[in-house]
Each structure stands twice: as C-alpha cells, then as structure tokens.
Amino acid sequence: MLSDRMSDVLDLQQRLDQHGYIAERSLAATLLLTLDMRRPLLLEGEAGVGKTEVAKALSRLSATRLIRLQCHEGLDAHSALYEWNYQHQLLAIKLMEQDDRPLSSKEQDIFSERYLLKRPLLEAITTTPAPVLLIDEIDRTDEAFEAYLLELLSDFQISIPELGVIRAQERPIVILTSNGTREISDALRRRCLYHYVDYPDFAKELMIVRAQAPAVPLKLAQQVVEFVQAVRQMDVQKKPGVAETLDWVAALLRLGVTIFDEDGIDRIMDSLSTLVKTREDQAGFTRSVVERLAASC
C-alpha cells in the first residue's frame, strides 16, 4: 500500500510536469491529498514563487474550468458570492404593473435565478464538472470576509435569503494563496491543508527556465539562474520571483544576449527593468555590481 501511494505521488509529479508545473515531492504529495480528500489547500509564500500557477496547473491537469477570485482590500461578500441584477429587476417590475398575479407570485418571479449574478464563489459551487476555485491572496482581505468563507469551505453551500441554501453538486478543488501580509485566522486554517511554497533552489529553477523557455541556450539559462539566486541573497526590497526570472530570460534573448561576458554587460544592464522592480533596488545595481555578479556565474 505504501509503495502504491509513493507511486501515486511520483505519477502526479510527472503529470504536473507535463502540464507546465515543476513540483517537488512534498508539494505533489500535498496536492494528491487535496484531490483525494477534496479539502481546501492553503499555499503560503513570498510573491512570485508560483502559488497561483499551482491552481492553473491543476485546472489543466484535471481538464476542468479555473474560477479565480482575486482578493483585495475591501472585498465584500456580495462581490465574491452573488449580486442581484437590479436594473433587470426594475425593468421586470415595470413590465409587471399590468400583471394581475398576487404580489407574492411577482416577488418570487423577481427574485429567481435568472436575475442572479453569480460571482466566483457561487459560480464555483454551481459549476459541473467540479472546477478549480482559486482564492488568490486571501491575506489582502479582512477577518470579516474570512468569516463568509467558513460556511463555504466547511459545507460547500451558500445561503441566499431569497432562494434558500444552494449546495454544491460536486465539491470544487479549492486553492487559497497568501503572501503572508497578515496572519490567517485559525478557523480558516483548520479547514485547509497547508503547504509553504519557497523560492526554488538552483536545480528546480533551472528546470523551470528550461521548460518555459526551451529556446534559451543551456549556458545562458544556468548563468541567469545563478545570477537570480545571488540577487535573492542580497539586501533588496523586492526579491525577484520565478516570473521575473522568466521575464528576464525573454528580455536577454530579445536583446541578443546568449552568454554573460564583458561585451554583453551593457545589454544586461538594459534588461534589468524586468528583474529589479523598485527604484531603490535599481539604484544598487551599478555597473560594477552587475559585472561582479555576472562574472561569478
């Protein structure tokens, strides 16, 4: 039985790889449990380490729809769950002025599903086959919004006063991401499996670059990854994520850089806008600093 489960983890790793996501074994094991148990998965880690890409890869692997709720400050339940189409309701009320039906019948018609605007959370539990629901950057919301999620993540149902309780026919695959800007409540954590996504090591990041940018020469890919790994060890405000690594590779190729050497320093300097993303950090990347980093790669 143990060997079978190990085989399942390795198989999921390979299938994720085929769908464009390089996952270490611990993450693949957690994803396998997420799929088997249909429990929500909370992914924490710095911005740019690939948390959102996990949900996208699962959607491709499962051949199912990806529904994304992008969280932000001030997000409320109506924006995430549902809203009534008030304009169409008002138009319907106007048209019903000559309708002789009882008022209760008219109200039932007005508050029917055809006037309901489904937002991501309601869309996710009413979609079949079961989609992947990505609740992205949950740490940007407040605790009040987290409370709205608890019923959904516990019972996969939503209460709408005018319609009653709507239950999921199939439980969606739920991925929550957090950049750690605030602490997530214990109540929400209890309902989730958990995995911390760290910056990739050299070998993994090189595999990602080779997979996502197959046209890049091997030597340049190695030098880029070594450079980025060194930058992450520096005292910078914004450490580059994997997305920045891939953008930088594309920029270097566009500028004709195929290897780090003295002749290419000017073009490397020109490309740093894709890698270094704050004014203060850019000021620290003088020519001498870039030459030193490039020479060490």
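Annotations
- Complete set of residues in segment 4-31 that are in contact (Cβ under 8 Å) with a residue 40 or more places away in the chain, over 17 Å from D201 (Cα atoms) and among the charged types (D, E, K, R): R15
- Scanning segment 184-201 for residues that are in a helix (DSSP H, G or I) and either under 12 Å from E44 (Cα atoms) or touching a residue at least 12 places away in the same chain (Cβ under 8 Å) (or both) returns A187, L188, R189.
- Scanning segment 267-295 for residues that are outside any helix (DSSP H, G or I) and out of contact with any Phe, Trp or Tyr (no Cβ under 6 Å at 6 or more places or on another chain) turns up K277, T278, F285, T286.
- Subset of segment 131-151 that is out of contact with any helix residue (DSSP H, G or I) (no Cβ under 8 Å at 6 or more places or on another chain) and not in a helix (DSSP H, G or I) - its residue that is nearest to L41 (Cα to Cα): E137
- Selection status of T30, of a type in the set (V, I, T) and farther than 22 Å from V228 by Cβ: yes
- Some residue of segment 279-293 being out of contact with any Gly (no Cβ under 6 Å at 6 or more places or on another chain), crowded, with 19+ Cβ neighbours inside 10 Å and without any contact (Cβ under 8 Å) to a residue 60 or more places away in the chain: yes
- Test: residue in segment 269-286 that is among the aliphatic types (A, V, I, L, M) and either within 24 Å of the chain's Cα centre (by Cα) or within 18 Å of L43 (Cβ to Cβ) (or both): yes
- Set L58, L69, L75, L35: member being part of a strand (DSSP E or B) and touching a residue at least 60 places away in the same chain (Cβ under 8 Å): L69
- All conditions in (1) closer than 19 Å to T52 by Cα; (2) acidic (D, E); (3) in contact (Cβ under 8 Å) with a residue 40 or more places away in the chain hold for E170, with the sole exception of (1).
- Members of segment 4-14 found to be under 19 Å from the mean Cα position of the chain (by Cα) and surrounded by fewer than 18 Cβ atoms within 10 Å (Cβ to Cβ), listed by number: none
- Number of the condition not met by K219 [criteria: (1) farther than 24 Å from A47 by Cβ; (2) without any contact (Cβ under 8 Å) to a residue 40 or more places away in the chain; (3) not aromatic (F, W, Y)]: (2)
- Here V49 does not fit the description of being over 21 Å from R189 (Cα atoms) and at pLDDT 80 or above.
Listed here are the residues, each with its yes/no results for (1) outside any loop (DSSP other than H, G, I, E, B); (2) loosely packed, with under 13 Cβ neighbours inside 10 Å; (3) touching a strand residue (DSSP E or B) at 6+ places or on another chain (Cβ under 6 Å); (4) not polar (S, T, N, Q).
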{"position": "I166", "(1), (2), (3), (4)": "yes, no, yes, yes"}
{"position": "V174", "(1), (2), (3), (4)": "yes, no, yes, yes"}
{"position": "R182", "(1), (2), (3), (4)": "no, no, no, yes"}
{"position": "A203", "(1), (2), (3), (4)": "yes, yes, no, yes"}
{"position": "I208", "(1), (2), (3), (4)": "yes, no, no, yes"}
{"position": "V216", "(1), (2), (3), (4)": "no, no, no, yes"}
{"position": "K219", "(1), (2), (3), (4)": "yes, yes, no, yes"}
{"position": "Q222", "(1), (2), (3), (4)": "yes, no, no, no"}
{"position": "V225", "(1), (2), (3), (4)": "yes, no, no, yes"}
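- Some residue of segment 241-254 being surrounded by fewer than 15 Cβ atoms within 10 Å (Cβ to Cβ) and either under 24 Å from A215 (Cβ atoms) or not aliphatic (A, V, I, L, M) (or both): yes
The values are calculated or read from the model by the stated rules, or taken from the named source; none is laboratory data. These figures come from a predicted structure and were not determined experimentally. Ideal geometry is used to build each Cβ from the backbone, glycine not excepted, and the neighbour counts take in all protein chains shown.
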